[in-house]
1. Of all residues in the stretch A:84-102, count the ones that are in a loop (DSSP other than H, G, I, E, B), farther than 26 Å from B:GLU70 by Cβ and among the hydrophobic types (A, V, I, L, M, F, W, C).
2. Which number in (1) open to solvent by 10 Å² or more (accessible area, probe 1.4 Å); (2) more than 18 Å from B:PRO90 (Cα to Cα); (3) more than 14 Å from chain B (Cβ to nearest Cβ) marks the one condition that A:GLU80 misses?
3. Looking only at the stretch B:12-58, which residues are open to solvent by 10 Å² or more (accessible area, probe 1.4 Å), within 13 Å of chain A (Cβ to nearest Cβ) and not in a loop (DSSP other than H, G, I, E, B)?
4. Look at the stretch B:65-85 and say how many of its residues are closer than 24 Å to A:GLN92 by Cβ and assigned to a helix (DSSP H, G or I).
5. B:THR62 is checked against (1) outside any loop (DSSP other than H, G, I, E, B); (2) open to solvent by less than 60 Å² (accessible area, probe 1.4 Å); (3) at pLDDT below 95 and fails just one. What number does that condition carry?
6. Within the stretch B:199-302, which strands (runs of 3 or more DSSP E) (wholly inside it) include 1 or more residues that are modelled with pLDDT of 85 or more?
7. Kindly indicate whether any position in the stretch B:85-92 is under 20 Å from the mean Cα position of the chain (by Cα) and more than 10 Å from chain A (Cβ to nearest Cβ).
Amino acid sequence: MTEPVPAWSRFWPIYRRNLLVWRRLAPASLVGNVVEPLITLLAFGYGLGSLLREVEGVPYIAFLAAGSLCMSATMAASFESLYSAFSRMHVQKTWETLLNAPLVLRDILIAEWLWAASKGVLSGCAILLVAALLNVSREPMMLLTIPVIVAVGLCFAAMGLIINAIARSYDFFNFYFTLVLMPMIFISGVYYPIDQLPSWLALVASKLPLAAAVDLARPLFLGHWPTDPLPSVLIILAWTMGALWWAHHLTARRFRS
Amino acid sequence: MAAVVELEAVGKSFEQFEAIKDLSLRVEAGECFGLLGPNGAGKSTTVKLLLGLTAPDRGQVTVLGLPVPEHALQVRARTGVVPQHDALDPDFTVVENLEVYARYFGLRAAVSRADPTPLLEFAGLLHKRDARISELSGGMRRRLSLARALVNDPELLLLDEPTTGLDPQARHVIWERLRRQLGRGRTIVLTTHFLEEAERLCDRVAIIDHGRCIAVDTPRALIAAHVEPHVVEISLPTRESPQWPIEHCEGERRERVGDLLYIYTPHGARAERWLQAASRYRALHRAANLDDVFLKLTGRDLRD
């Protein structure tokens, strides 16, 4: 009856736990993850767009939409891997309970990582759907932004888990949002092309995972292949794997003491 | 008889702090074993070692015949844990807490879908089946926590201060439930600083202090070995002459703690005489208990 569970599937009941809780709180959660970025898209896209007309040869809202997909995935994955994971880890002691069962910390981290990424994907895809309904783009190729959204979710979920591992209280997350995420969003080509930045800043930005993702998502959303996708893919991959390793290292240290 | 838990010369430090210095213990199958000790004595670290949540620096930990932490997952699959703070899942109802927890053990299909009713019945929570955790009293939560620890039909139950924070009624209910589990052949290891709990429940207790085991035996044997059977406690206002008791109980073991005077004696009749002599003070005569052993062995200083 208690035969060992194969290691690869041990994350699943933990992921499922989060899913079950979310299903109950979905309406409130969707407001945060979907409506907020949607308002940004519409307000900036139509509002600011009416002043700007075209950016890089397309209407501003079409330019902004690809950035919004990535940004909403970033924010949703980050929120989940910070505030929500922290409350499960630190406040509710859910993680400690999990560790009394035949599970290891890695199982919990994988579950939290995939779960936070899922929230990002949900949020990004919702924006994609709205953009399609509003006819911002009619290219079937825009569906190929979904793998990019998945990558963004996975990357920022992993980064959030690093911050989660070193946080002492919720207040700590303000630093990450204000000093890391917000600046990153502003220099990653979400709202305006990166080449508007001073060249040194553009160089920094081009190595960031969000800029790499926007670089991939924007052409796909508008119906053509990115000219040089490989560096962007590698940048996102490197950030994700590095963050995941580090998050595991720091969380293990936290739980050892 | 097979040992369910065996610690051999175990040592464990956290950075500067030596939590376990040199601990050896053996818990037999079917036994209820108590770990007693003041705060910071190393009880919770011992529990962590048994679950393989932390590795010993020295020595050998064996649980259910398996070396730990190497086989921690197999051990945890066969162990039920009641943590100190119930850590129930506040986002779920009572019955969902049992179902969700069962899945962590990989108890799919057969067990997961099985009726959780017997466990709810055991916890006395059938009527609260669909209640939220926030609606439960402290006693109910602890009972649910205990029921949850039984989802995997464990051979070993590990309880970290199972009745701390409960009122006397709730405490008695937990004790009764635990005795039922012993009746079913499970082995229980619990930490406590309620000596009464250890006396009522445990076949044997180990008194742990400063990371060492300083005594192991049945509660009765410990009392017999370390303290006289009769105790008189007299509350003496601090300003009053401390001369009084001395003349009356020359030759007996005495201890003064704050305004309390403890007199230990093997003779019940003498104890009664002092009680009468002390009639103008608040005083009582009682049987020696594990408290006296505990305080004698670990001292009376406050531990924070």
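The values are calculated or read from the model by the stated rules, or taken from the named source; none is laboratory data. All values reported here derive from a predicted model rather than from experimental measurement. For neighbour counting, all protein chains shown are included, and Cβ atoms are generated from backbone atoms with ideal geometry for every residue, glycine included. With ligands, DNA and RNA removed, areas are computed over all heavy atoms of the protein, side chains included. Shrake-Rupley method; radii C 1.70, N 1.55, O 1.52, S 1.80 Å.
1. Of the residues in that region, 0 qualify.
2. So A:GLU80 meets the others, but not (2).
3. The answer is B:LYS12, B:SER13, B:PHE14, B:PHE17, B:SER44, B:THR45, B:VAL47, B:LYS48.
4. So the first thing to find is which residues in the stretch B:65-85 are closer than 24 Å to A:GLN92 by Cβ, and the list is B:72-73, B:76-77, B:79-85.
With the extra rule that they be assigned to a helix (DSSP H, G or I), the set shrinks to B:72-73, B:76-77.
Count: 4.
5. Failing condition for B:THR62: (3).
6. Working: elements: B:204-209, B:212-217, B:230-235, B:253-257, B:260-265, B:282-287.
Result: B:204-209, B:212-217, B:230-235, B:260-265, B:282-287.
7. Start the filter on the stretch B:85-92 by keeping residues that are under 20 Å from the mean Cα position of the chain (by Cα), which leaves B:85-87.
Subset that is more than 10 Å from chain A (Cβ to nearest Cβ): none.
Among the residues of the stretch B:85-92, not one is under 20 Å from the mean Cα position of the chain (by Cα) and more than 10 Å from chain A (Cβ to nearest Cβ), which makes the answer no.
So that you can scan it fast, the table gives a plain yes or no per residue for (1) under 15 Å from the mean Cα position of the chain (by Cα); (2) within 14 Å of chain B (Cβ to nearest Cβ); (3) more than 18 Å from A:PHE186 (Cα to Cα):
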| position | (1), (2), (3) |
| --- | --- |
| A:TRP22 | no, yes, yes |
| A:ALA28 | no, yes, yes |
| A:LEU41 | no, no, no |
| A:ALA76 | yes, no, no |
| A:ARG88 | no, yes, yes |
